[in-house]
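Asker: I am attaching a structure below and will ask some questions about it afterwards.
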Amino acid sequence: MDKINELDKLYKLGDEGYIKIYCDNYKKTIKCISKKDSMYHMYNEKSKLWELKTDHDIVMHFISNMKKIIKPLCDHYKNIAEKVKDTDKAEYEKNIETYETILKTGEFYKVAKAKILLLGIKSGLYDINFQEKLNNNPYMLPVKNGLINLKTGDYKERTHEDMFSFELDV
């Protein structure tokens, strides 16, 4: 319920809230590395590598994911409406209206405003030190789907925290 309350608070803030919702959900896996040049790195769960992305990629990611992110909030209002449907018509209509507004807002951002929100997204995902951390562990060798510790010879699967954007095909 805390997540629903947080989404509800942020949703009511408008653009600022949507930026925060997006950035909070992706701050571990998307990093803006240059606000001026609009450069990002996004962690690819499949390859387990950080990949270079552009504004266009981030806008497309925002568009395809915002509706999924706010779906629990939509469902919350829809569930409240269903519970009072037969007992409180005014409360039912209020919650259905909120549900539909949230859905329409998501569609509005999807169509019209994603590019406008990029400035806030860049700030929310900016990591001035990311480039210094990327590919910067001399004791770890990134190989297909994992890492080899060059000190111990141990193998482990990579995660976004390992900070590699390449792997050796071995």
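Asker: Per residue of the chain, what 222 nm ellipticity follows from adding -39500 (n - 2.57) for every DSSP H run with n ≥ 4, rounded to the nearest 500?
Answerer: Using -39500 (n - 2.57) per qualifying helix, the result is -16000 deg cm²/dmol.
Asker: Here is the link list: K78/K104; K31/K133; K78/K115; K31/K71; K27/K53. Which ones come out longer than 22 Å on Cα distance?
Answerer: Correct reply: K78/K115; K31/K71.
Asker: Counting only residues 5 or more places away or on other chains, whose amide H sits under 5 Å from the amide H of M140 once H atoms are built in the peptide plane?
Answerer: Long-range HN contacts for M140: L150.
Asker: Something else about it: Compute the normalised compactness of the chain: alpha-carbon radius of gyration over 2.2 N^0.38 Å, N being the residue count.
Answerer: 1.31
Asker: A further question follows. Expressed as a whole number of Å, what is the distance separating the alpha-carbon centroids of the stretch 125-170 and the stretch 1-74?
Answerer: The two parts, judged by their Cα centres, are 24 Å apart.
Asker: Would you grab the residues whose amide H sits under 5 Å from the one on N44? Only those 5+ places off in sequence or on another chain, please, with H modelled 1.01 Å from N.
Answerer: Result for N44 returns L49, W50, E51.
Asker: Among the helices of the chain (complete DSSP H runs), which have Cα atoms covering no less than 15 Å along the helix axis and a Kyte-Doolittle mean of at least -1.0?
Answerer: TM-like helix candidates: 15-26, 55-84.
Rule-based calculations on the coordinates, nothing more; no lab input. Since the model is a prediction, treat every value here as computed from it, not as a measurement.
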